[in-house]
1. For P227, state whether it is at pLDDT below 95, within 13 Å of I129 (Cα to Cα) and surrounded by fewer than 16 Cβ atoms within 10 Å (Cβ to Cβ).
2. Condition check: free of Cβ contacts under 8 Å to residues at least 40 places away in the same chain, farther than 26 Å from N9 by Cα and open to solvent by 20 Å² or more (accessible area, probe 1.4 Å). Does E186 satisfy that?
3. Name the single residue, out of those in segment 169-196 being among the polar types (S, T, N, Q) and in a helix (DSSP H, G or I), that is nearest to V230 (Cα to Cα).
4. Looking at segment 1-21, is at least one residue surrounded by 15 or more Cβ atoms within 10 Å (Cβ to Cβ), under 27 Å from D130 (Cα atoms) and touching a Pro at 6+ places or on another chain (Cβ under 9 Å)?
5. State the number of residues belonging to segment 216-241 that are outside any loop (DSSP other than H, G, I, E, B) and closer than 16 Å to Y195 by Cα.
6. How many residues does segment 26-57 contain that are assigned to a helix (DSSP H, G or I) and either open to solvent by less than 30 Å² (accessible area, probe 1.4 Å) or small (G, A, S) (or both)?
7. With the requirement that a residue be open to solvent by less than 50 Å² (accessible area, probe 1.4 Å), in contact with a Ser or Thr (Cβ under 8 Å, 6 or more places away or on another chain) and part of a loop (DSSP other than H, G, I, E, B), what does segment 140-168 give you?
8. Of all residues in segment 58-104, which are part of a helix (DSSP H, G or I) and touching a helix residue (DSSP H, G or I) at 6+ places or on another chain (Cβ under 9 Å)?
Amino acid sequence: MLLAIDVGNSNTSVGLFDGEKNLRFLASLDTDSRKTADQISIDLMNLFTLYHFSYRDVTGAILCSVVPPLNFMMEKALTRLLGKPPMVVGPGVKTGLNIRLTVQTQVGADIVASAVAALEKFKPPIITIDMGTATTIGIISEGRTYEGGLLLPGVNVSLEALSRRAAQLPDISLQHPKSLIGKNTEDCMRSGIVYGTAGMLDGIIDRIRELFPNQELSVVATGKNAPVIVRYCHNPIIYDKFLLMDGLWTIYQKNR
């Protein structure tokens, strides 16, 4: 079995694959860079117990992280728990991507994993949208080339900034708006962030489409905020909850 871990800025996703690429469980933990290797090991052991699996059945692990201060402890915890170090997505790991950036090492490991999975499922050109702490948009062209992308504040980051900077605006959660036009402060904020983000994505997708005239463009979205936003976009966007995890599986198989 393969243990796949994605360390994000807010949450850490933990997935367990069997030998047939079936995801047996996908769990989420808070990302806390203060945790020790022992604490991380206990968290992982508790997840295996919760989902009724044994960590002793794990034959390999792959780690993808955008939180460098946590990398050492996470690697140490996995090595202690599994008896061997995990594969870490980064320089030197084969992905099959041609990364067309000025500094290739600046592309996040999560972006790479999502792009690898997207190429397994869709025909380029492809737009990938990852809606987490940040909203990351990537463009993949023919020849498995990652052209670059756009980086924007995430939905929750925007909501938190709005609440903190405006004294009369409350903290609200991300939910589906009741209608386009809100009738109270909370509804207005919710409509603004949801329809505003959807309109922004539509505008960006339309502009990217102009760069690929006469080509069919595939658009796939992932991340915890994507299900709320995507349904309000005019452009057809496929939501894939497991995109990043599938990418980690593929990268692991390429480097075994």
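1. For P227, the condition - at pLDDT below 95, within 13 Å of I129 (Cα to Cα) and surrounded by fewer than 16 Cβ atoms within 10 Å (Cβ to Cβ) - is met.
2. Considered against the rule, which asks whether it is free of Cβ contacts under 8 Å to residues at least 40 places away in the same chain, farther than 26 Å from N9 by Cα and open to solvent by 20 Å² or more (accessible area, probe 1.4 Å), E186 comes out as yes.
3. Among those residues, the one meeting the criterion is S191.
4. The answer is yes, given that some residue of segment 1-21 is surrounded by 15 or more Cβ atoms within 10 Å (Cβ to Cβ), under 27 Å from D130 (Cα atoms) and touching a Pro at 6+ places or on another chain (Cβ under 9 Å).
5. Matching residues across segment 216-241 total 5.
6. 6
7. Hit for segment 140-168 is G154, nothing else.
8. Within segment 58-104, L70, F72, M73, M74, E75, K76, A77, L78, T79, R80, L81, L82 meet the criteria.
The values are calculated or read from the model by the stated rules, or taken from the named source; none is laboratory data. Because the structure is predicted, anything quoted here is derived from the model rather than measured. A quick note on method: Cβ atoms are made from the backbone with ideal geometry, for glycine too, and the neighbour counts reach across all protein chains shown. All accessible areas refer to the heavy atoms of the entire protein, side chains included, with ligands and DNA or RNA removed. Shrake-Rupley method; radii C 1.70, N 1.55, O 1.52, S 1.80 Å.
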